Amino acid sequence: MSLIDLKSIYTAYEGGDKPVIKDLSLDVDRGEYVVIGGPNSAGKTTLLESINGLVKITHGQANVCGLNVACSADEVRKRVGYVIQNFFFDPFTPFTVEQVVMMGRYGRLGLLKHPEQSDYDAAQRAIELVGIEDLVHKTIGTLSGGQQQKTMIAHNIAKEPEVMMLDEPFSNLDFYAREYLQGVFKEIVRKGVPILMVAHAFDGLPDIPIHLIVMNRGRITYDMSCRASEVEDIIRKECKVKG
Amino acid sequence: MLEPLIQNNVVCHALEAMIFSSIACSILGVIISRMNLSSIGFTMSHAAFAGAAIGMFLGGNAQVAAIAFSMAVAALIGPVSDKAKMAADATLAVLFAMSMAVAIFLISYMEYMGKGLSASALLFGDVISLYREEIYALASVCILSIFFVLVFYKEISAIMFNMKIAEASGIRVKLVYYILLFIIAISVALSLNIVGGLLIFVLLVTPASIASQFCFNVRSMFVAAPLIALSVSAFGVWAGFEFTLPVAPLVALLLTGVFAISVMLSFKRRINTKIH
């Protein structure tokens, strides 16, 4: 069975007159680098949040990491890393970067269990991998948007997830940081952890086969493998945007 | 507990009650203030007030009724917010209005019926006439609050950081949030007799706000807020009895004064103007 196995799923928000995702099926295996593109309000974020059970699936069957999302959403979220799209931390947020990265382990640990040395080690490895060692003692609210973004990526890497989902992870990052993190993601994929990344900018994608998903109005309109260099053209074509 | 140190039983009981209440409320206040749920103190205190009015109206134990009604309101906050898709603050405002309406309705009705219900003890508290059992109950709730923070520290800190990120991490946010609401309900209901429904808000919000002016991490806030609350409350009880002043309002004023000073002195707001 695929690590992510969605069969004809529908999702809708309360009060919405139409489903946001309609009759969507998707298979993702270990070690795949999935790029999800499409216009605004195509349902890309909703798809990610349906996969980890943050948004309820109204019809269809969703299995993630061998678990039924409808019955075991909490368990699924412990195994799936998810870098959310929008976050805001006020300047007085009393948490350091080190603490925030460590929090990535908390869900996995479960209730009433305290972090052990192996958890601190995982957090330290994530900090080093993302390259934020110089920020560990700073409070997150005092950092720039890009530094906060890197911290949230490290928070999810520390979790050592079985699936990694990233919603516009490069929105606050400069070119160098994007290129560096693409290398980090390539390494994660090489270890067998699939990445699902919603993005609007595709420069610096790693030179590996890309599983490209294009969405429009809640449906998948394109679901094929391609080269990194082809991603932008395919999305433009699918969304009928002139290049 | 403090009898060997303080000869006067009334002062001793007042001090013990104030210490336990201020520690419990200030610890919970740290969580509440970070989650932008400050109005929970206001709502829960008025729920306890309404519960006490129901208890008196039915001729039962006002405090037991206050706890029961507060817990019922606490049980409603989460599900109503989820169901109505409203911010918890809006739900709190609705439940506050409902609680206040129940309390005023019953008090007015009893006055009209000639039964005469004095609301002043519930509104302003009465530290002088406390029973030993009430102090034991407050000590228990104080221990419960400390225990809650120690046991669920990692979940609480993640929720205080960001609720959505905590949920996405696989933390059982709702479970911890609902337990928190219940402990607040019990703490507020039991503290009602001491500082009253109107001033309990001060114990919940002000010590945490003072601590936030100086603390850079949440762990130190959990230590600083109860220490501030305890020191000011103990001083307030001593000063109240020494100079024959109303204890609860005095403590509230002292805490507000300390808050004002802490805002002026806070080094967190200092801007480095050095060029080199």
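General remarks:
- Among all positions in the stretch A:70-85, there is at least one residue which is facing another protein chain (nearest Cβ under 9 Å), in a loop (DSSP other than H, G, I, E, B) and either closer than 12 Å to A:Met152 by Cα or not acidic (Asp, Glu) (or both).
- Count of the stretch A:42-63 residues which are in contact with a helix residue (DSSP H, G or I) (Cβ under 7 Å, 6 or more places away or on another chain) and either within 12 Å of chain B (Cβ to nearest Cβ) or not in a strand (DSSP E or B) (or both): 4
- Among the residues examined, A:Glu98 qualifies as within 12 Å of chain B (Cβ to nearest Cβ), out of contact with any helix residue (DSSP H, G or I) (no Cβ under 6 Å at 6 or more places or on another chain) and of a type in the set (Asp, Glu).
- Number of residues in the stretch A:203-229 that are more than 22 Å from A:Glu49 (Cα to Cα) and crowded, with 20+ Cβ neighbours inside 10 Å: the value is 1.
- Here B:Ser120 meets the list (1) closer than 30 Å to B:Thr244 by Cβ; (2) modelled with pLDDT of 80 or more; (3) among the hydroxyl-bearing types (Ser, Thr, Tyr) almost entirely, failing just condition (2).
- Residue identified as at pLDDT below 95 and within 14 Å of chain B (Cβ to nearest Cβ) among A:Gln182, A:Gln148: A:Gln148
- Count of the stretch B:210-246 residues which are over 21 Å from the mean Cα position of the chain (by Cα), in a helix (DSSP H, G or I) and within 14 Å of chain A (Cβ to nearest Cβ): 0
- Qualifying residue in the stretch B:141-156 (condition: under 19 Å from B:Ala14 (Cβ atoms) and in contact with a Phe, Trp or Tyr (Cβ under 9 Å, 6 or more places away or on another chain)): yes
- For the criterion of being on the phi < 0 side of the Ramachandran plot and within 16 Å of the chain's Cα centre (by Cα), A:Asn156 passes.
- Filtering the stretch A:139-162 to residues that are out of contact with any strand residue (DSSP E or B) (no Cβ under 6 Å at 6 or more places or on another chain), buried (at least 16 other Cβ atoms within 10 Å of the Cβ) and in a loop (DSSP other than H, G, I, E, B) leaves A:Leu143, A:Glu160, A:Glu162.
- Qualifying residue in the stretch A:101-110 (condition: within 12 Å of chain B (Cβ to nearest Cβ), surrounded by 21 or more Cβ atoms within 10 Å (Cβ to Cβ), of a type in the set (Gly, Ala, Ser) and touching a His at 6+ places or on another chain (Cβ under 7 Å)): yes
The values are calculated or read from the model by the stated rules, or taken from the named source; none is laboratory data. Because the structure is predicted, anything quoted here is derived from the model rather than measured. All Cβ positions, glycine included, derive from the backbone under ideal geometry; neighbour counts span all protein chains shown.
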